[in-house]
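The values are calculated or read from the model by the stated rules, or taken from the named source; none is laboratory data. None of the values given here were measured: they were computed from a predicted structure. Virtual Cβ from ideal backbone geometry, glycine too; neighbours counted across all protein chains shown. Ligands, DNA and RNA are stripped out before the accessible areas are found, and what is left, the full protein with its side chains, is counted by its heavy atoms. Shrake-Rupley method; radii C 1.70, N 1.55, O 1.52, S 1.80 Å.
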Amino acid sequence: LPALFKQELQNTEAEEGGTAILRCELTKPKAPVEWRKGDTTLYPGLKYEMKQQGSTAELFIYDLELDDS
């Protein structure tokens, strides 16, 4: 069976120039997670950091800009 979200995803607000942390909890631990913005897959680098521990996955978005919404 596919991994599902344990809770409905919540909107997150952050200030321009700051950092946003997006977090989701899955029904399966260590399930592969692909973070996307529209049709674009996000990859780790200076702008994005991905962390996953057990069934929790997090996306850190640094140096926020209006285009990140």
For a protection proxy built on the mean count of beta-carbon atoms within 10 angstrom, sort 41-49, 7-15 highest first, please. 41-49, 7-15
State in Å² the accessible area per residue of the chain; use a 1.4 Å probe, count heavy atoms of protein chains only, and round to the nearest integer. 82 Å²
Separation of the Gln10 and Lys47 label points, Cα + 7 Å toward Cβ, nm: 2.6 nm
From Cα coordinates alone, what are the radius of gyration and Dmax values for the range 5-68 in angstrom? 12.1, 34
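Rounded to the nearest 20 debye, what is the charge dipole size of the chain about its Cα centre when +1 sits on each Lys and Arg Cβ and -1 on each Asp and Glu Cβ?
Values: 8 positive and 13 negative charges, 121 e Å.
Dipole about the Cα centre, nearest 20: 580 debye.
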Take every Cα pair under 8 Å in the range 5-68 that's 6+ residues apart, average their separations, divide by the length, and report that relative contact order as a whole percent. 40 percent
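Of all accessible surface on the chain at a 1.4 Å probe, what whole percent is carbon and sulfur? Could you put the intermediate results ahead of the total?
Values: 2830 of 5640 Å².
Summing carbon and sulfur atoms, their accessible area is 50 percent of the total for the chain.
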